[in-house]
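Encoded as C-alpha cells, the structure appears first; notes follow it.
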Amino acid sequence: MSSIVLFGPPGAGKGTQAARIMEATGLPQVSTGDMLRAAVNANTLTGIEAKGYMDAGKLVPDEVIINLIKDRILEDDAVNGVMFDGFPRTIPQAEALSQITAVSHVIAIEVPDSKIVDRICGRYSCGGCGLVYHDTFNPVAASGCDCGNWQEKRRADDNAATVQSRLDTYHLQTSPLAQWYKEKGILHSIDGDRAIDQITGDILVALE
C-alpha cells in the first residue's frame with residue numbers, strides 16, 4: 001500500500017485537484033476533519049475522545065488523529081493506499097504517519113500569497129442556491145443568479161487580514177514539512193497559478 005499527500009495554501013484549488021487525482025488513481029480522499037466528524041457522529045471510542053477535546057475548544061492531539069487514520073486505512077477502499085488532504089501539517093505528524101503507511105508522492109500546490117488573497121477576498125456565493133462566484137474571475141450576471149433567488153453572501157473571514165494570517169500560519173507549519181519530504185525525494189512542487197487542466201496534467205505526470 002502506498003499513499004499520496006496533497007497540500008497547499010487555502011484557496012490554492014486543492015479541492016478541484018483532489019477530485020481529479022481520485023478519479024485518475026482510484027484512491028479515496030482522506031480528510032482529518034471529515035474523519036473526526038464521522039467518528040464523533042458514530043460515537044466510536046476515538047470519536048468520544050476527540051469530542052472531549054473539541055467541546056473544550058482544544059486542538060485534537062496528534063495521537064488521536066493517527067488512531068483515526070489507522071482505522072481508516074484498514075477499510076476495504078484503502079487497500080491500495082489513500083490520498084491525504086491537509087494532513088500531515090507538521091513534521092511530527094509526518095513522522096507518525098510514516099510509521100503506519102508508506103507515502104510515495106507528496107504534491108505541493110504553490111500559489112503566491114498575493115494571488116491567494118485576491119482569490120479568497122473576491123469570492124462570494126448565492127444564498128439561494130450556494131453557487132460560488134468571484135468579483136474578477138466569475139462575476140454574477142447583472143440579472144442575478146440563474147436560480148432566480150439571488151442573494152449575495154460573503155464569508156466574514158474572507159478579508160485580507162484574516163487570509164494573510166491563515167497564510168502566515170500555513171507557511172510557518174508547511175515550509176519545514178516541505179523540506180522534510182524534499183529530502184526524502186518524494187516532494188513534487190506544482191505551480192498552481194495556471195489553468196486548472198495544466199495543473200492537473202503536471203500532477204498526473206508527477207504521480208507516474
Here are some residues: SER98, SER125, SER114, SER175. Which one is at pLDDT below 90 and not aliphatic (A, V, I, L, M)? SER175
Are there any strands (runs of 3 or more DSSP E) wholly within the stretch 60-146 with 3 or more residues that are under 17 Å from the mean Cα position of the chain (by Cα), and if so which? 83-85, 102-110
Across the stretch 31-47, which residue is nearest to ALA19 (Cα to Cα) among those that are free of Cβ contacts under 8 Å to residues at least 24 places away in the same chain and of a type outside the set (S, T, N, Q)? ASP34
When you look at VAL117, is it closer than 24 Å to THR90 by Cα, surrounded by 14 or more Cβ atoms within 10 Å (Cβ to Cβ) and of a type in the set (A, V, I, L, M), yes or no? yes
Test of understanding: among GLY15, GLY52, which residue is closer than 30 Å to SER114 by Cβ and either part of a loop (DSSP other than H, G, I, E, B) or not hydrophobic (A, V, I, L, M, F, W, C) (or both)? GLY15
Considering only the stretch 18-30, how many residues are assigned to a helix (DSSP H, G or I) and without any contact (Cβ under 8 Å) to a residue 60 or more places away in the chain? 2
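Looking for something in contact with a Ser or Thr (Cβ under 8 Å, 6 or more places away or on another chain) and within 15 Å of GLN29 (Cβ to Cβ) - is there at least one such residue anywhere in the stretch 88-97?
No.
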Among residues belonging to the stretch 132-183 that are within 18 Å of GLY86 (Cβ to Cβ) and of a type in the set (D, E, K, R), point out the one that is surrounded by the most Cβ atoms within 10 Å (Cβ to Cβ). ARG166
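Which residues, counting only those in the stretch 194-206, are surrounded by 16 or more Cβ atoms within 10 Å (Cβ to Cβ) and in contact (Cβ under 8 Å) with a residue 24 or more places away in the chain?
ILE199, THR200, ILE203, ALA206
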The conditions are (1) of a type outside the set (S, T, N, Q); (2) assigned to a loop (DSSP other than H, G, I, E, B); (3) under 21 Å from VAL205 (Cβ atoms), and ILE4 fails exactly one of them. Which is it? (2)
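The values are calculated or read from the model by the stated rules, or taken from the named source; none is laboratory data. This is a predicted model, so every value here is computed, not measured. Cβ: placed from backbone, ideal geometry, glycine included. Neighbour counts: every protein chain shown.
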